[in-house]
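Undergrad: Mind looking over this structure? Questions follow.
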Ligand code: SF4
């Protein structure tokens, strides 16, 4: 398992991986900015309903780089990976259960309104989404050539060792 392998990794390999991770996260920021610009004409009632993942049966699918970015956010904040919620909603919801606690770093799916209550122009920019997905795939494979593709958010959450996100990284660029 990747997390276990980290402990056995040579310092040189760890440095190389940290560089790859920095590059991938930089490219991810560009993808997110492009998504925000393309979906700027759209909005939603901000009810937090789409974050009720188990209840709605829908959830965002994240490429590895997106999950790494969320873990980096937690490290910067000095907070651990939040536990699973009893109601099955997204663990990144704040205590009120209404607001996203990682909003600036939320994944592409959350930026592009995977909820049916989206408001705005009649047609969403599907071609932009295709392009962004291809970019996400490229940068995630650059991060890890064995990347097997996007996974549901709750799946990433379930399989991430809590100890990894319990360790604040002063550089903000620790391992994922
Ligand atoms: S990451 Fe934020 S916006 Fe996305 S489902 Fe979770 S709480 Fe909602």
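Undergrad: Quick check: from the Cα gyration tensor, does the chain come out rounded (a/c under 1.5), prolate or oblate?
TA: In terms of gyration-tensor shape, oblate.
Undergrad: Could I ask something else about it? May I ask for the distance between the Cα centers of the stretch 63-111 and the stretch 130-149, given as a whole number of Å?
TA: If we compute the Cα centre of each part, the gap is 21 Å.
Undergrad: Rank 137, 21, 145 by mean-square fluctuation in a GNM of the chain with C-alpha springs under 10 angstrom and give only the top-ranked residue.
TA: 145
Undergrad: Run lengths n ≥ 4 of DSSP H only: what is the helix-derived mean residue ellipticity at 222 nm for the chain, with -39500 (n - 2.57) per run over all residues, to the nearest 500?
TA: Computed mean residue ellipticity for the chain: -14500 deg cm²/dmol.
Undergrad: For the chain, set up a Gaussian network in which alpha carbons nearer than 10 Å are linked by springs, and say which option among 94, 147, 13 fluctuates the most.
TA: 13
Undergrad: Under 1.5 on a/c is rounded, so check that first for the stretch 29-113, then, if it is not, pick prolate when a/b is larger than b/c and oblate when it is not; a ≥ b ≥ c are the square roots of the alpha carbon gyration tensor eigenvalues.
TA: oblate
Undergrad: For the chain, find the longest principal axis of its Cα atoms and tell me its angle to the long axis of helix 64-77, 0 to 90°, nearest 10.
TA: The angle comes out at about 80 degrees.
Undergrad: Using a basic spin-label model with each label point 7 Å from the Cα along Cα→Cβ, how many nm lie between residue 37 and residue 12?
TA: 4.0 nm
Undergrad: Have a look at 143, 25, 161 and tell me which one the Gaussian network model of the chain (Cα, springs below 10 Å) gives the largest fluctuation.
TA: The residue with the greatest mean-square fluctuation here is 161.
Undergrad: Any idea what angle helix 11-38 forms with the longest principal axis of the chain, computed on alpha-carbon atoms, 0 to 90 degrees, nearest 10?
TA: Rounded to the nearest ten degrees, it is 10.
Undergrad: Relative to the present Cα-Cα distance, how much length would full extension add between residue 123 and residue 55 at 0.36 nm per residue of separation? Please list the in-between numbers first.
TA: Values: separation 68, 0.36 × 68 = 24.48 nm, distance 2.63 nm.
Stretched out fully, the residue 123 to residue 55 stretch lengthens by 21.8 nm.
Values quoted throughout were computed directly from the atomic coordinates according to the rules given, and no laboratory measurement underlies them. As the structure is a computational prediction, the values presented were derived from the model and not from experiment. Using ideal geometry, Cβ is built from the backbone for each residue, glycine included, and neighbour counts are taken over all protein chains shown.
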